[in-house]
Amino acid sequence: MRFEKLLLGVKKNILLKNYTTFRIGGRAKYFFVAKTKENLIKAITVAKKLRLPFFILGGGSNLLVSDKGYKGLVIKFGRPLSLYVSKGLDWAAGIPGTIEGAVYGNAGAFGKSMKDVVKSVEVFDTKTEKIEIFKDCQFGYRDSIFKKKKNLIILSVKIKSGKSDWKKIKEHLDYRKQRHPKLPSAGSVFKNVEETPVAILIHQAGLTGKKVGDAQISEKHSNFIVNLGNAKAKDVLKLIKLTKKSVKKKFGIVLEEEIQFL
Ligand SMILES: Cc1cc2nc3c(=O)[nH]c(=O)nc-3n(C[C@H](O)[C@H](O)[C@H](O)COP(=O)(O)OP(=O)(O)OC[C@H]3O[C@@H](n4cnc5c(N)ncnc54)[C@H](O)[C@@H]3O)c2cc1C
């Protein structure tokens, strides 16, 4: 049976740049918006049955999508992280994307991260096709079990009950406004190294403002690469390669990407 009949609502040849904060990326062969976890499981099961590769897309805010796009099924799923900011996640104010994406990368800011607030995670294991509840997500700095085991798909997240401080929310949003570029980006490109802000290393390596095509190492925050208008993934990749090479040469430090790739 045709894929479109097995998964009602699936779309074809969808431009992924419209679903990423970087505004970069080619077309997905198939694209499906899963509004419920049941829909998500259904989409995964159908893709598996047809041996079609699949990828779960949250808010697309930590992602560089290839200019060639994706020859499989992209499933868009997740609840906005912003819905949780008033429930004890004041430190997360202004972090774009979904709570599922935030758990995947243990997103954090101002000394806090998802590991401090997650009570449990409901997971679909694509290998066993079983649903499990995870209390230990092996969180580390911008790391979790979900980064290591791609068969584990996050269905829902329970957070510890907490209260937010509105003054702090405003302060955090103001800080972001002042320090972060307004142009399209995927946030910090590299993980910080032993508490050293990578932005300082990149700046000291003389790379602030460096451009390849329409991709530029932000003049406002050197650990952001921004899209000046028509940047391609290949331009961003060249800047990433150059940054890693320059920082290694000047400081002997090997940078690790925080952004994810598709
Ligand atoms: C302006 C700006 C500021 C930012 N500031 C911060 C910051 O302060 N701190 C910080 O940590 N990050 C920051 N980020 C990065 C980004 O917003 C976070 O990493 C965010 O949590 C990613 O969530 P997302 O839903 O957009 O994930 P996506 O980018 O859509 O996906 C990221 C990864 O998560 C996986 N994933 C998503 N959903 C699921 C699921 N249900 N199951 C399994 N895997 C899944 C995807 O497959 C992908 O590999 C910033 C980004 C921008 C653009």
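The values are calculated or read from the model by the stated rules, or taken from the named source; none is laboratory data. Remember, predicted model here, so these are calculated numbers, not experimental data. With ideal geometry, Cβ positions are generated from the backbone for all residues, glycine too; neighbour counts draw on all protein chains shown. When the accessible area is computed, the model is the full protein with side chains, heavy atoms only, and any ligands, DNA or RNA have been set aside. Shrake-Rupley method; radii C 1.70, N 1.55, O 1.52, S 1.80 Å.
Per-structure values
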| item | result |
| --- | --- |
| Region 157-240 - accessible surface per residue (Å², probe 1.4 Å) | 58 Å² |
| Hull shadow area, averaged, region 9-76 [alpha-carbon convex hull, nm²] | 4.1 nm² |
| Percent RCO, i.e. relative contact order, over region 66-128, from Cα pairs under 8 Å lying at least 6 residues apart | 24 percent |
| Neighbour cut-off at most 16 other Cβ (10 Å), DSSP loop, GluC sites (Glu not before Pro), region 219-262 | Glu219, Glu256 |
| Alpha-carbon radius of gyration plus Dmax, which is the widest Cα pair, for the chain in Å | 18.8, 58 |
| Links that overshoot a 22 Å alpha carbon limit, given the list Lys42/Lys160; Lys17/Lys37; Lys35/Lys158 | Lys42/Lys160; Lys17/Lys37 |
| Separation between Cα centres of region 193-262 and region 1-36, rounded to whole Å | 29 Å |
| Furthest towards positive pole of dipole, His203, Leu173, Phe32, structure part the chain, Cβ charges | Phe32 |
| 222 nm mean residue ellipticity, helices alone, for the chain (DSSP H n ≥ 4; -39,500 (n - 2.57); rounded to 500) | -7500 deg cm²/dmol |
| Theoretical gain in end-to-end length, Lys182 to Lys149 [0.36 nm per residue, Cα-Cα removed] | 8.5 nm |
| Lys250/Lys12 FRET efficiency (R0 45 Å; Cβ-Cβ; nearest 0.05) | 0.45 |
| Built amide H within the under 5 Å cut-off of Ser120, gap 5+ | Lys158 |
| Accessible area of region 34-122 divided out per residue, in Å², using a probe of 1.4 angstrom | 42 Å² |
| At 0.890 mPa s and 25 °C, Stokes D of region 184-261 from Kirkwood alpha-carbon radius, µm² per second | 202 µm²/s |
| Carbon plus sulfur fraction of accessible area for region 1-66, probe 1.4 Å, in percent | 53 percent |
| Calculated Rg and Dmax of region 81-159 using C-alpha coordinates, Å | 12.1, 38 |
